[in-house]
Structures are given as C-alpha cells and as structure tokens.
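Some notes on the structure that comes next.
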Amino acid sequence: MTARIIDGKAFAATIRERVAAHVSRLKADHGLTPGLAVVLVGADPASEVYVRNKGKQTKEAGMESFEHRLPAETAEADLLALVARLNADPAVHGILVQLPLPAHIDEAKVIGAIAPEKDADGFHISNVGLLATGQSALVPCTPLGCLLLLRDLHGSLSGMEAVVLGRSNIVGKPMAQLLLRESCTVTIAHSRTRGIEAVAARADILVAAVGRPEMVKADWVKPGATVIDVGINRLEGEGGKARLVGDVDFEAVAPVAGAITPVPGGVGPMTIACLLANTVTAACRANGLPAPEGLTA
Ligand code: GUN
C-alpha cells in the first residue's frame, strides 16, 4: 500500500474559488467588498515574499488589499496608532500584522490591540478563548486549512483518534481545539512526551507541527493513518542548494500512511487561502450576514 498524496496546491485553489465566489455574491447582493490590511514592519526577506503573495491573492479573489510598509525602526506607539486607525476603518474587515516584529516591539501588545472581530490571524486572546469554548471565532489560518482538508478527506471526524505533535499557539494548540470540536479524541504530544513514537502511532489523524526536520518515521505511523505535515524546514542540500523538508520523513512514511501531505505543496499553500477565507468571514459578521459555508471552522 502507498499513501494518497494530498495536493495542497489544488485544495488551496478550491478554497480560493469558494472565497472568490462568495466575494462576488457579497458585492452583487450587498455592495460589500471585503478588505484585508497587511502591516509589515521592516524588510525581512521571507516576510516580504509572504506579504507580496497575500496582496496578490487578495486582489485575485476580488477583495481590497491595503498594504502598510513601515521602517524597521518604527516606534511601537506608531504601530499601535496604525492598528487603531485600521480598527476604525469600515473598509478594512481583516487586519494582519506580519510576524516576527522587530525586537523593540511587544508582539503580544500589538496583537492585543487588533479589534478581535478584524483579527484575520485568529491570534487575539478573545479569539483563542472563543475557539476554546466552542464559540464563533476567527481561527488561525494554518490549522483552519488543515481542518478543511481533513473534512474534505473524511467527512465526519467524530470518534477518530487525533494526535497533534507540537504545542505552539499558532498551530498545535488551535489544531487540537479544532479537532476536539469535531469530536476527535485528541492528544497533544511534544518534546517532553515520553514514548512519543507510540503515542503518535495511535493516531488515525497525525498532525506534525514541531519544526524538526523529518522527525516522524515509519514506525510513528499507524498503517492507513492520515498524516498532515505542517513543518517547513530548510536543509542544506547537495552543492549548497537548500532543500525544503517537513517534520515527516516523507519517503519512509508514505508507504505506511493512508494519505499524506507533501512538503512543499501540502499545507503551505492553504495558509493564505484561509487568510482570505477569514477576511470574508469577518466582513460577513461585521455586516450581520451569515459566514460563508465551507470556509469556517
Ligand atoms: N509570519 C509567518 N506566518 C505568519 C502568519 O500566518 N501570520 C502572521 N501575522 N505572521 C506570520
């Protein structure tokens, strides 16, 4: 047996199509154009690439894109003042402040200043609490993408054994909350977990989000399990050429798993697609309209 290889690029394209279709209905029926503001402080090259892609995909989906590029030496107070202006701007439905921020700026303070109903990343404490208590929240984009993918593959996830490797605020914890809401039996395993291989091998759904290249080996995976690899690790390849690998040893695990996401081309492309989805959800909620079906947790 060899696993079905999940095409994350194709799945992200279907999410973007759903977003674009919903946007055109909002424009036609309600004169409403969802808008996403992205704030980049400094010129981190990886962040530059993300921000450019976000702007391009936002416009392609028919939405308004507002980009704010500030110099690296921007004072925290000035960034907070910009966030306050975006909070008050009715054309802006989603706000994303690109992380990491320069060291002199308190990230938690900035995230906490974003209006929760415009928090397109789902990082604000209010959204974390809403998710944890099973209420309507804006959900972090990467776990949301994983959830939409898992629902697409399996339909109902009820009763499935899910193991999340990693306990970050951005992926591990919200992923576990989402799987719990789907009535999975959820375990979070991490660097201190004893016998982590055996814990992982219980999973019907195994989500790896630890940032350790190719950590998950064949004997960590139950035959037929669905393996979602959130890791993106850059390894020095032959001839000094960088090679991207996930947290899963793909070659070793693919013959055991039932379905597996590759790196690159698995989870990665879904993150921006879900950012667009969150912006549409925020725009709908701000206007008393139902959130788009198939694009929310
Ligand atoms: N930096 C890298 N990925 C992300 C993301 O999803 N959101 C934000 N705000 N910053 C990031």
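The values are calculated or read from the model by the stated rules, or taken from the named source; none is laboratory data. Just so we're clear, the structure is a prediction, and the values are computed from it rather than from any experiment. Note that we place each Cβ from the backbone using ideal geometry, even for glycine, and neighbour counts take in every protein chain shown. Side chains are part of the model used for accessible areas, which takes the heavy atoms of the whole protein and leaves out ligands, DNA and RNA. Shrake-Rupley method; radii C 1.70, N 1.55, O 1.52, S 1.80 Å.
Taking Cα centroids, how far is the stretch 68-91 from the stretch 276-297 in Å? So the separation of the two Cα centres works out to 24 Å.
Helix 8-30 and the long axis of the chain differ in direction by around 30°, with both axes built from C-alpha atoms. For the chain, the dipole from Cβ point charges (+1 on Lys and Arg, -1 on Asp and Glu) about the Cα centre works out to 340 debye, to the nearest 20. Segment A103..R151, full-extension length gain: 13.4 nm, with 0.36 nm per residue of separation and the alpha-carbon distance subtracted.
Net charge within 15 Å of H190 by Cβ-Cβ distance, Lys/Arg positive one each and Asp/Glu negative one each, not counting H190 itself? Charge balance near H190 sits at +3.
Of the three principal axes defined by the Cα atoms of the chain, the extents in descending order read 52, 44, 34 Å. Using the alpha carbons alone, the radius of gyration of the stretch 220-297 stands to its Kirkwood radius in an Rg to Rh ratio of 1.16.
Ranking Y50, I6, P34 by how far each Cα lies toward the positive end of the dipole of the stretch 4-85 (charges on Cβ) leaves I6 at the top.
Taking a label point 7 Å from the Cα of I232 along the Cα→Cβ vector, which residues of the stretch 258-297 have an amide N closer than 20 Å to it? Output list for this probe position: 260-279.
Scanning the chain for cysteines with no neighbouring cysteine C-beta under 4.7 angstrom from their C-beta gives C146, C184, C284. Residue ranges 127-138, 201-212 sort as 201-212, 127-138 when ordered by packing (mean number of other C-beta atoms within 10 Å per residue, highest first). With K and R counted +1 and D and E -1, the other residues having a Cβ less than 14 Å from that of H93 yield a net charge of -2. By the compact-protein rule of thumb, 2.2 N^0.38 Å, the alpha-carbon radius of gyration of the stretch 56-109 corresponds to a ratio of 1.25.
If I compute solvent accessible area with a 1.4 Å probe over the protein chains, what percent of it on the chain is carbon and sulfur?
53
Nearest 10 degrees is fine. How inclined is helix 45-60 to the longest principal axis of the chain, computing both from alpha carbons? It works out to around 70 degrees.
Please label the shape of the stretch 103-170 as rounded, prolate or oblate, based on the square roots a ≥ b ≥ c of the eigenvalues of the alpha-carbon gyration tensor (a/c under 1.5 means rounded; beyond that, a/b larger than b/c means prolate, else oblate). Let's see the in-between values first.
Details: a/c = 2.50, a/b = 1.95, b/c = 1.28.
Prolate, because a/c is 1.5 or more and a/b exceeds b/c.
Each Lys and Arg adds +1 at its Cβ and each Asp and Glu adds -1 at its Cβ; summed about the Cα centre, the stretch 126-230 shows a dipole of about 320 debye.
Counting only protein heavy atoms and a 1.4 Å probe, the chain has 45 square angstrom of accessible area per residue.
Three principal axis extents of the stretch 166-259 based on alpha-carbon atoms, in descending order, are 47, 29, 24 Å.
What the Cα atoms of the stretch 26-120 give is an Rg and a Dmax of 13.5, 45 Å. Applying 1/(1 + (r/R0)^6) with R0 = 22 Å to the Cβ-Cβ distance of D7 and E251 gives a FRET efficiency near 0.75. Taking amide H positions as modeled 1.01 Å from N, with prolines and chain starts lacking one, the residues under 5 Å from A257 and 5 or more places away or on another chain are A3, G224.
Based on the Kirkwood approach, the hydrodynamic radius assigned to the stretch 139-213 is 12.2 Å, with every pair of different Cα atoms included.
The protection proxy used here, the mean number of other Cβ atoms lying within 10 Å of each residue, ranks peptides 276-285, 260-269, 147-156, 217-226 as follows, highest first: 276-285, 260-269, 217-226, 147-156. For the chain, the antiparallel share of DSSP beta bridges with both residues in that region comes to about 10%.
For the residue pairs K54/K173; K9/K59; K54/K109; K59/K118; K59/K241, alpha carbon separations beyond 30 Å are given by K59/K241. Taking a ≥ b ≥ c as the square roots of the eigenvalues of the alpha carbon gyration tensor, the stretch 1-55 is oblate, as a/c is not under 1.5 and a/b does not beat b/c.
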